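A.B. asks: Before I ask anything, here is the structure I am working with.
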Amino acid sequence: MTSELLYESSAAPRSEDGERKVAQKRWRLLARALTRSLNFFEDEVLGKNEEISARRFTTFDLLHQVHLENEDECTWWLYTGLLEGELYEVLVRRISKCFTANELIGFNNTGNVCVWPSEECLAYYLLKNPEICRRRKVLELGGGMSCLAGVLAAKYCEPSSVTLTDGNARSVENVRCIVERNGMAGLTRCAVVQWARAAKALRQSSTAACSQEFNGEASYEVILCADCLFFDEARLDLVDTINGWLADDGVALVMAPRRGTTFREFAEAAVQRGFIARQVESYDTEVWSRHLDLLATNRDYCPDIHFPVLLELTKQKKIPPG
Ligand SMILES: C[S@@+](CC[C@H](N)C(=O)[O-])C[C@H]1O[C@@H](n2cnc3c(N)ncnc32)[C@H](O)[C@@H]1O
């Protein structure tokens, strides 16, 4: 992708020559810093005020979204879904701020930009397959500002507990508001978890301790993770975090678009770490049919960056000695 060119052309001021050169230089630096984290978000463009704005494809419309009210830089939405005759609904708070390039360079803010289609598809998949989470300890990693999959699992899939996490403190604050407003605080806890810190703690200790704020339990039977595979620097930490916290008989459901080679690189790293990895494209008939429809009708739909593939990670059975 040519993010450098994209940012330059969309944001350089049309004023004095010298001023333009300084601006271009600045944008080149910003673009370089952003490229690594936004490399696969080429449908985000930087607008006039250096804000991330237009996204051309945002949802598979699996859940109906109705705007309820505004609150500071946030908006409240009612998400509903009618699945096989059952009505599902949840209140979701979304951060509606436009992020500047500088803000995106701080701790990753991609989870505050929107609820990404992978999160939507993972949530939908869990509603269709509630037995996956039933009576199980569930952990969501990198859930962004909604943790929609974990929140809906908590509300409808009868898990024994749900822990919702992200590395971005603002995302987690937002998730806390969602949990509270939906009256789910008893069953659900929220915490800031950065994979590098978690993986380091897990590597150092066999008892799975973690950050100051979050004392990870020994193991989770289900780990959820949506659209988190494109962070090159964090990939191995994410694999190690999942490995450290996943119960021996647990399953990690990792959903993400391919985004170039990033999905494959993650899957390979997971296999290298000892996981059994099963990749599924057609995991749900409805999602698959919408994908085919979009392919035929929507020129902005690009499966490489928009279609979430499911990766199921399980641990190899330990063979007892002797
Ligand atoms: C593309 S967003 C996906 C968010 C959400 N799962 C969704 O699909 O709407 C990637 C998420 O990964 C989180 N993230 C990135 N690097 C991280 C790290 N090193 N540790 C923890 N979370 C991280 C970001 O804060 C962000 O919320």
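The values are calculated or read from the model by the stated rules, or taken from the named source; none is laboratory data. A quick note: this is a predicted structure, and the numbers were derived from the prediction, not measured. Heads up, the Cβs are rebuilt from the backbone with ideal geometry, glycines too, and the neighbour counts pull from every protein chain shown. Note: accessible area is taken over every heavy atom of the protein model, side chains too, but ligands, DNA and RNA are not part of it. Shrake-Rupley method; radii C 1.70, N 1.55, O 1.52, S 1.80 Å.
A.B. asks: What figure, in Å² to the nearest 10, do you get for the accessible area of Ile276 with a 1.4 Å probe and non-protein molecules left out?
C.D. replies: 80 Å²
A.B. asks: Still on this structure, I have one more. Non-local amide H neighbours of Val309 (under 5 Å, H modeled in plane, Pro and chain starts lacking H): which ones?
C.D. replies: HN-HN under 5 Å from Val309: Ala256, Arg258.
A.B. asks: Starting from the 7 Å offset along Cα-to-Cβ, what nm value, one decimal, do you get for the label separation of Asp232 and Ser161?
C.D. replies: 3.8 nm
A.B. asks: Another question, then. Ranked by accessible surface with a 1.4 Å probe, highest first, in what order do Asp304, Asp61, Asp240 come?
C.D. replies: In descending accessible area the options line up as Asp61, Asp304, Asp240.
A.B. asks: Right, another one. In the full protein assembly as shown, how much of Glu73 is accessible to a 1.4 Å probe, in Å² to the nearest 10?
C.D. replies: Only protein atoms counted, so the area is about 90 Å².
A.B. asks: In whole Hz, what ³J(HN,Hα) sequence does the stretch 183-195 give by Karplus (6.51, -1.76, 1.60; θ = phi - 60°), x for Gly and Pro?
C.D. replies: With the stated coefficients, the stretch 183-195 comes to x, 10, 5, x, 9, 10, 10, 10, 7, 7, 10, 9, 4 Hz.
A.B. asks: Cα gyration tensor of the stretch 64-315, axes a ≥ b ≥ c as square roots of the eigenvalues: rounded (a/c below 1.5), prolate (a/b > b/c) or oblate?
C.D. replies: Rounded shape, in that the Cα axes give a/c under 1.5.
A.B. asks: Would you tell me the accessible area of His64, worked out with a 1.4 angstrom probe on the heavy atoms of the protein chains, in Å² to the nearest 10?
C.D. replies: Here the accessible area works out near 120 Å².
A.B. asks: Also: With a probe of 1.4 Å, find how much accessible area the stretch 64-315 has per residue, and write the answer as a whole number in Å².
C.D. replies: Each residue of the stretch 64-315 exposes 41 Å² on average to a 1.4 Å probe.
A.B. asks: Additional query: Heavy atoms only, 1.4 Å probe, whole protein assembly: order Glu268, Glu84 by accessible area, highest first.
C.D. replies: Glu84, Glu268
A.B. asks: Please tell me which of these pairs span more than 28 angstrom C-alpha to C-alpha: Lys137/Lys318; Lys137/Lys317; Lys155/Lys200; Lys137/Lys315; Lys128/Lys315; Lys137/Lys200?
C.D. replies: Lys155/Lys200
A.B. asks: Students sometimes get this wrong: rank Lys155, Lys318, Lys137 by accessible area, probe 1.4 Å, all chains present, largest first.
C.D. replies: Of Lys155, Lys318, Lys137, the descending order of accessible area is Lys318, Lys155, Lys137.
A.B. asks: Extension gain Glu180-Leu87, at 0.36 nm per residue separation less the Cα-Cα distance, in nm?
C.D. replies: Fully extending the segment from Glu180 to Leu87 adds 31.4 nm.
A.B. asks: Once you place label points 7 Å from the Cα toward the Cβ at Glu69 and Lys97, how far apart are they in nm?
C.D. replies: 2.1 nm
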